[in-house]
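Peer 1: The following block contains the structure, expressed as structure tokens.
The values are calculated or read from the model by the stated rules, or taken from the named source; none is laboratory data. This one's a predicted model, so the numbers in the text were calculated from it and none came from an experiment. We place every Cβ from the backbone using ideal geometry, glycine too, and count neighbours over all the protein chains shown. With ligands, DNA and RNA removed, areas are computed over all heavy atoms of the protein, side chains included. Shrake-Rupley method; radii C 1.70, N 1.55, O 1.52, S 1.80 Å.
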Amino acid sequence: MAKQTYKKRVNNNRKPNNREFTPRDNGEKVEAITYTDGITVSELAAKIKKNSSDIIKLLFMLGKMMTINSPLDDENVELVCMEYGITATKEEARDDESLADDVVDNPEDLVERAPIVTIMGHVDHGKTTLLDTIRKTNVTAGEFGGITQHIGAYQVEVDGKRVTFLDTPGHEAFTAMRARGASVTDISIIVVAADDGVMPQTREAIDHSKAAGVPIIIAVNKMDKPGATSDKIKSDLAALDLMPEEWGGDTIYCECSAKTGMGVENILETILVVSEVRDLKANPNKLATGTVVEAKLDKGRGPVCTLLVQNGSLKHGDSIVVGSCYGKVRRMTNDKGEELKVASPSMPVEVIGLNEVPVAGDNFKAFESDKDARAIAAARNRTKIEKERRQTSAMSLDDLSAQIAAGDIQEVPVIVKSDVQGTAEAVASSLSKIDVDGVKVNIIRSAAGSISESDVILASVSHAVIYGFNVRPDANVRKKAQEENVEIRLHNIIYKAVEEMEAAMKGMLAPVYEEVVIGQAEVRKTYKVSKIGTIAGTMVTEGKLVRESKCRLIRDGIVIYTGKLGSLKRFENDAKEVLSGYECGLTIENFNDIKEGDIVEAYADQEVKVD
Ligand code: GDP
């Protein structure tokens, strides 16, 4: 079946991704339409009552390759409509501000919500231990069955009331979120170890909390240690404007031991008292708004993010825009791994169903319809690219060579993409430290997610090099990169990337070895054979596969395994190579976890001549 369709497509000389579709052209004449950003070929076809295939053909004749799901830009919508004599008017989508909660709540709709608490303080003062102790000792009855999941935030119950804790200790996360405009925390707990006292990061944490206008509770920790006292800490902090209540001030100090659990209950009760004064409320009966706490690209599940609902309720099936990503809430689980249908204010939930990986600190909002969500995400994406473009326009290669000629400082713009944000940040930070005779690396984007066309476009306009870690561009992205002359470097070891970049910068960006992709095949079926392992039935979609060549296995854009091709068979016979358009069976040496839909990529290292 698959083979048949493939042949048919080839005969029709169409792009392999095009699907067959039902004709909609019923002769009805449409004179004018309105559309929003991100309208796809099939949506436009429905509006103008034409066949999607005709629109695709028309665009193809104009040199534009589209599928029915391709979003169209204004120019293409105009072109198509002009062809049919239809007037197209664009409805402006709401702009960047549109993820803010813009519904004014009636006081009678508001109900109490759980306070959201961040724990900060100097390294080794006991933040992680305190977070763990609180979590372990305050699991509600009936919740014992749940297996705790680290999703970046959790909720506990104290005296029948809920309290939400952000599970990333330290002020770095807090600051990063604040830098993105997110104000999530209602109360901050600053942990100070009794045996170490007020330290630099204690002061930093206090400054950050004060700057954000968040009330502070001081937890004097490690009180179980012999001779521990809180007096010195109190007097040091009183000098920083945190006068203890018992000395006539208004700062609450709680003595505790995160290790033994002593005083931890008192901290929780203090949180309830402080939050009561703050009168924290939200309206659960409206579409949700909130903030991303954590986000990553999961090998099996795709983009996964933890959202903290700040107002409204998030429901299963809701259409959401998160930063500049969009999707539907396909599955929602809490910090105990339990599936939820509804998440109310102050609840952290792990959500699956987004098209890309957002960034921690991004805002999110639920919308009535899928179409609204997509249009707003498209508009936000464009604004984001524009913004990045403006920021980077000062470092085009032209400028760079002018600077080189003038002997000024030079910069190499780089985009980093990785499977997890932590790695992307680590790579970005290592690359930024390179300094070759005053030439530096300038990171213009670093994010979790596979390498996308938007990355290539950004790289193209800013003359940047793309670095991919444990991620691979798919065939479309690679083509685009070739067209745009964008260099994509792929690595899985940070120091190797750094070495390569340093060498390239010294030798004016001339790498010695370059990896060439020989071909790609899609896994259509797998068979387990004892003694041999997993045999994958594949269709070579590009180039060719060569026996015993180097290969990697890619699943959802992520490299799962790098190794060597084992046997390669056409029907019963061993084959030396199999060309694009043919099916073949293959094995990967020492690797059996091959699944349907995986991509097997064969590659070789090719020497590049250095002048
Ligand atoms: P963080 O860097 O602030 O997250 O600190 P950790 O929670 O990792 O704690 C650092 C060290 O202090 C660990 O060895 C803990 O076991 C220890 N620790 C944490 N809280 C206490 C406490 O209340 N009493 C004692 N004696 N040790 C503690």
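Peer 1: Which helices (runs of 4 or more DSSP H) does segment 1-108 wholly contain that include 2 or more residues that are modelled with pLDDT of 80 or more?
Peer 2: The qualifying helices (runs of 4 or more DSSP H) are 41-48, 52-61, 74-83.
Peer 1: Name the pairs: first residue in segment 126-137 and more than 21 Å from residue 196 (Cα to Cα), second residue within 8 Å of the ligand (Cβ to nearest atom) and open to solvent by 20 Å² or more (accessible area, probe 1.4 Å), Cβ to Cβ under 6 Å, at least 6 apart or on different chains?
Peer 2: Going by the 6 Å Cβ cut-off, there are no qualifying pairs.
Peer 1: Another question, if that's okay. Tell me, please, whether a residue that is surrounded by fewer than 19 Cβ atoms within 10 Å (Cβ to Cβ) and in contact with a strand residue (DSSP E or B) (Cβ under 6 Å, 6 or more places away or on another chain) can be found in segment 55-64.
Peer 2: no
Peer 1: Hey, can you tell me all the residues within segment 525-565 that are farther than 29 Å from residue 467 by Cα and assigned to a strand (DSSP E or B)?
Peer 2: Those that are farther than 29 Å from residue 467 by Cα and assigned to a strand (DSSP E or B): 525, 526, 527, 528, 529, 533, 534, 535, 536, 537.
Peer 1: Now, a different point. Residue under question is residue 132, and the condition is that it be within 13 Å of the ligand (Cβ to nearest atom) and open to solvent by 70 Å² or more (accessible area, probe 1.4 Å); does it hold?
Peer 2: It is false that residue 132 is within 13 Å of the ligand (Cβ to nearest atom) and open to solvent by 70 Å² or more (accessible area, probe 1.4 Å).
Peer 1: Take segment 221-235 and flag every residue that is more than 10 Å from the ligand (Cβ to nearest atom) and buried (at least 16 other Cβ atoms within 10 Å of the Cβ).
Peer 2: Answer for segment 221-235, where residues must be more than 10 Å from the ligand (Cβ to nearest atom) and buried (at least 16 other Cβ atoms within 10 Å of the Cβ): 230, 233, 234.
Peer 1: Check whether at least one residue in segment 495-506 is at pLDDT below 85, hydrophobic (A, V, I, L, M, F, W, C) and surrounded by fewer than 18 Cβ atoms within 10 Å (Cβ to Cβ), and report yes or no.
Peer 2: Looking for residues that are at pLDDT below 85, hydrophobic (A, V, I, L, M, F, W, C) and surrounded by fewer than 18 Cβ atoms within 10 Å (Cβ to Cβ), one finds at least one in segment 495-506, hence yes.
Peer 1: Could you give every pair whose Cβ atoms fall below 8 Å, whose first residue belongs to segment 575-588 and is touching a residue at least 12 places away in the same chain (Cβ under 8 Å), and whose second residue is open to solvent by 70 Å² or more (accessible area, probe 1.4 Å) and in a loop (DSSP other than H, G, I, E, B), counting only separations of at least 6 or pairs across chains?
Peer 2: Once the first residue is touching a residue at least 12 places away in the same chain (Cβ under 8 Å) and sits in segment 575-588, its partners that are open to solvent by 70 Å² or more (accessible area, probe 1.4 Å) and in a loop (DSSP other than H, G, I, E, B) give 575/547; 576/547; 577/547; 587/532.
Peer 1: From the residues in segment 438-453 that are open to solvent by 30 Å² or more (accessible area, probe 1.4 Å) and touching a residue at least 40 places away in the same chain (Cβ under 8 Å), which one is farthest from the chain's Cα centre (by Cα)?
Peer 2: Selected residue: 442.
Peer 1: Can you tell me how many residues within segment 184-216 are part of a strand (DSSP E or B), among the β-branched types (Val, Ile, Thr) and within 16 Å of the ligand (Cβ to nearest atom)?
Peer 2: 4
Peer 1: Let me ask something else. Residue 125 fails exactly one of the following numbered conditions: (1) farther than 18 Å from residue 343 by Cβ; (2) at pLDDT 90 or above; (3) within 29 Å of the chain's Cα centre (by Cα). What is the number of that condition?
Peer 2: Condition (3) is where residue 125 drops out.
Peer 1: For segment 318-332, enumerate the residues that are under 21 Å from residue 71 (Cα atoms) and over 17 Å from the mean Cα position of the chain (by Cα).
Peer 2: If the condition is that a residue be under 21 Å from residue 71 (Cα atoms) and over 17 Å from the mean Cα position of the chain (by Cα), then 319 is the only one that fits.
Peer 1: Among the residues of segment 109-125, what is the count of those that are in a loop (DSSP other than H, G, I, E, B), near the ligand (Cβ under 7 Å from one of its atoms) and open to solvent by less than 10 Å² (accessible area, probe 1.4 Å)?
Peer 2: 1
Peer 1: Something else now. Of the residues 329, 321, 304, which single one is open to solvent by less than 30 Å² (accessible area, probe 1.4 Å) and in contact with a His (Cβ under 7 Å, 6 or more places away or on another chain)?
Peer 2: 329
Peer 1: Moving on. Inspect segment 168-176 for any residue being within 15 Å of the ligand (Cβ to nearest atom), modelled with pLDDT under 95 and among the charged types (D, E, K, R) and give the result as yes or no.
Peer 2: Yes, there is a match, as at least one residue in segment 168-176 is within 15 Å of the ligand (Cβ to nearest atom), modelled with pLDDT under 95 and among the charged types (D, E, K, R).
Peer 1: Taking the stated definitions as given, is residue 207 free of Cβ contacts under 8 Å to residues at least 24 places away in the same chain, more than 39 Å from the chain's Cα centre (by Cα) and surrounded by fewer than 18 Cβ atoms within 10 Å (Cβ to Cβ)?
Peer 2: Against the criterion (free of Cβ contacts under 8 Å to residues at least 24 places away in the same chain, more than 39 Å from the chain's Cα centre (by Cα) and surrounded by fewer than 18 Cβ atoms within 10 Å (Cβ to Cβ)), residue 207 does not qualify.
Peer 1: Can you go through 315, 281 and tell me which one is more than 18 Å from the chain's Cα centre (by Cα), over 30 Å from residue 206 (Cα atoms) and surrounded by fewer than 18 Cβ atoms within 10 Å (Cβ to Cβ)?
Peer 2: Just a single option satisfies the conditions, and that option is 315.
Peer 1: Scan segment 568-587 and tell me whether some residue there is open to solvent by 50 Å² or more (accessible area, probe 1.4 Å), closer than 30 Å to residue 420 by Cα and among the hydroxyl-bearing types (Ser, Thr, Tyr).
Peer 2: Scanning segment 568-587 turns up no residue that is open to solvent by 50 Å² or more (accessible area, probe 1.4 Å), closer than 30 Å to residue 420 by Cα and among the hydroxyl-bearing types (Ser, Thr, Tyr).
Peer 1: Counting only residues that are of a type outside the set (Val, Ile, Thr), part of a strand (DSSP E or B) and either in contact (Cβ under 8 Å) with a residue 40 or more places away in the chain or at positive phi (or both), how many does segment 299-326 have?
Peer 2: 12
Peer 1: For segment 471-489, name all the residues that are among the hydrophobic types (A, V, I, L, M, F, W, C) and crowded, with 20+ Cβ neighbours inside 10 Å.
Peer 2: 471, 477, 481, 486, 488
Peer 1: Please specify each residue of segment 248-276 satisfying the condition of being open to solvent by less than 70 Å² (accessible area, probe 1.4 Å), more than 16 Å from the ligand (Cβ to nearest atom) and not in a loop (DSSP other than H, G, I, E, B).
Peer 2: 251, 252, 270, 271, 272, 274, 275
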